[in-house]
Amino acid sequence: MHFARPEYLNLLWGIPALGLFFLWSFRNRRRRLEKVVGRSLAARLAADFSRGKAILKALLLMGFFAFGILAAARPQWGARLQTIRRHGVDIIAALDASYSMNTEDIAPNRLEKAKGEIRALIRKSGEDRIGLVAFAGTAVVQCPLTLDHGAVRLFLDAAATGMIPEPGTSLASAIETAASAFVEKERKYKVLVLFTDGEDLAGQADAAVRKARETGVIIYAIGIGTPQGKPIPIRDAKGDVVEYRKDPEGKVVISSLDERLLAEIAARTGGRYFRATTSGNEIRALSGDISGLEKKELESRVLQNYEDRFQYPLALAILCLIAESWISEKRKPGAAWFTRIRQGRPSAV
């Protein structure tokens, strides 16, 4: 036997204190009564009082609290085995961490919007395994596929532009790195979601997409930004904009969303393209698509569950309370008359 909430057992230390309180109360009861009504009248009133019944009522109250505490601690015994199976798909979220993601054509900026989209996807992923890839000029696996969604959130919170040493944007590196993070022998259950503005400065995405399709990876793309675009701000340590990024010719770079490329990549692998919006409808649609895919067994565990037996101490606690309420502290009529005879004060007839 063990207790599911053993911390409640500490309350049992209060039972001896309750017993000491009742003991003190019994000893001082006659004295307090004499102060109120006088010694003569107190003696007559005390003749109807049964100390034995009073002690029994106190014990029943202590039993009520003791059994109630035991019930709250949830005693358990009688184990049963239960098999828990989790089914889902493997999802890699590829986050664009290039400097163009600092563009503020979507509030608060593209990177923070992308991170918010990924958090929403994680919340809707249920029993799916999630992994995280960050990319710029090259790509790295920030968090491998895991059922621990909290760990993915920790890595996501730490993501920032400039975290990838090589500048630029290479969708090919993102797709290749994400594809290698899946289970190689499987040709399904694989979903890659690109969160990017679609600016593929390195090119060469065609070969990566073809290889991903051959290995069974379905690519979805969430476009972050606007087709009109905006300059890429450069901020100082205080967060103030000091200038905007420029090309080698000294012209301010306007970064814009390339929806055509992202839609083409998604379509070639059986996925879909969505543009990020303030409503978040794109994540609901994406989640709906993923939930319709064939699932695989991601985890199977045999758990030993104990049966709750709190009903027994709870029933005893209720019985103690009912019995305490039924018992009177007064003596039986015959016992009270006998007490008066012993004191030399027979009852009036």
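What are the aspartates and glutamates whose alpha-carbon lies under 15 Å from the alpha-carbon of K296, with same-chain residues fewer than 8 places away excluded?
Correct list for K296: D90, E127, D128, E184, E186.
Where does each of 90-103, 113-126 land if you order them by average Cβ count within 10 Å, highest first? Please list the in-between numbers first.
Values: 90-103: 26.0, 113-126: 19.2.
Put in order of decreasing packing, that is 90-103, 113-126.
Using the Cα centre of the range 112-209 as the reference point, and only Cβ charges (+1 on K/R, -1 on D/E), how large is the resulting charge dipole? Debye, rounded to the nearest 20.
Details: 11 positive and 14 negative charges, 91 e Å.
Magnitude of the dipole: close to 440 debye.
What FRET efficiency comes out for E243 versus A120 if R0 is 41 angstrom and r is the Cβ-Cβ distance? Round to the nearest 0.05. All intermediate terms of the calculation are to be shown ahead of the outcome.
Numbers: r = 33 Å, r/R0 = 0.81.
It comes to 0.80.
So, R0 is 25 Å and r is the distance between the beta-carbons of L319 and L12; what FRET efficiency does that work out to, to 0.05? Mind dumping the intermediate values first?
Working: r = 19 Å, r/R0 = 0.75.
Calculated transfer efficiency: 0.85.
Hey, can you find the accessible area per residue of the range 162-302 for me, probe 1.4 Å, expressed in square angstrom? Please list the in-between numbers first.
On the way: 7410 Å² over 141 residues.
Normalised by residue count, the accessible surface of the range 162-302 is 53 Å².
Can you list the lysines whose alpha carbon sits under 16 Å from that of K115, skipping same-chain ones fewer than 8 residues off?
K124
Carbon-plus-sulfur fraction of the accessible area of the range 138-206, 1.4 Å probe, in percent? Let's see the in-between values first.
Details: 1630 of 3180 Å².
With neighbouring chains kept in place, the figure for the range 138-206 is 51 percent.
Run the reach check for K211 against lysines, Cα to Cα strictly under 18 Å, same-chain hits fewer than 8 apart removed. What comes back?
Within the straight-line cut-off, K211 pairs with K185, K188, K190.
Of V140, S125, L111, whose Cα points farthest to the positive end of the dipole of the range 103-145 (charges on the beta-carbon: +1 Lys, Arg; -1 Asp, Glu; origin at the Cα centre)?
S125
Among G223, F274, V241, which residue has its Cα furthest toward the positive end of the charge dipole of the range 161-315, with +1 on Lys/Arg Cβ and -1 on Asp/Glu Cβ?
F274
Can you compute the label reach from E127? Point 7 Å from Cα along the Cβ direction, backbone N cut-off under 16 Å, restricted to the range 219-241.
Backbone N within reach: none found.
Work out the charge dipole of the range 165-293 with +1 on the Cβ of Lys and Arg and -1 on the Cβ of Asp and Glu about the Cα centre, then indicate which of S180, S291, L192 is farthest towards its positive end.
It is S291, whose Cα lies furthest towards the positive end.
Take each of the peptides 225-238, 172-185, average the number of other beta-carbon atoms within 10 Å over its residues, and list them starting from the highest. Please report the intermediate quantities before stating the final value.
Numbers: 225-238: 14.8, 172-185: 20.1.
Descending mean neighbour count gives 172-185, 225-238.
The values are calculated or read from the model by the stated rules, or taken from the named source; none is laboratory data. These figures come from a predicted structure and were not determined experimentally. Glycine also receives a Cβ, built like all others from the backbone with ideal geometry; neighbour counts cover every protein chain displayed. Just so you know, the surface numbers come from the protein's heavy atoms only, side chains and all, with ligands and any DNA or RNA stripped out. Shrake-Rupley method; radii C 1.70, N 1.55, O 1.52, S 1.80 Å.
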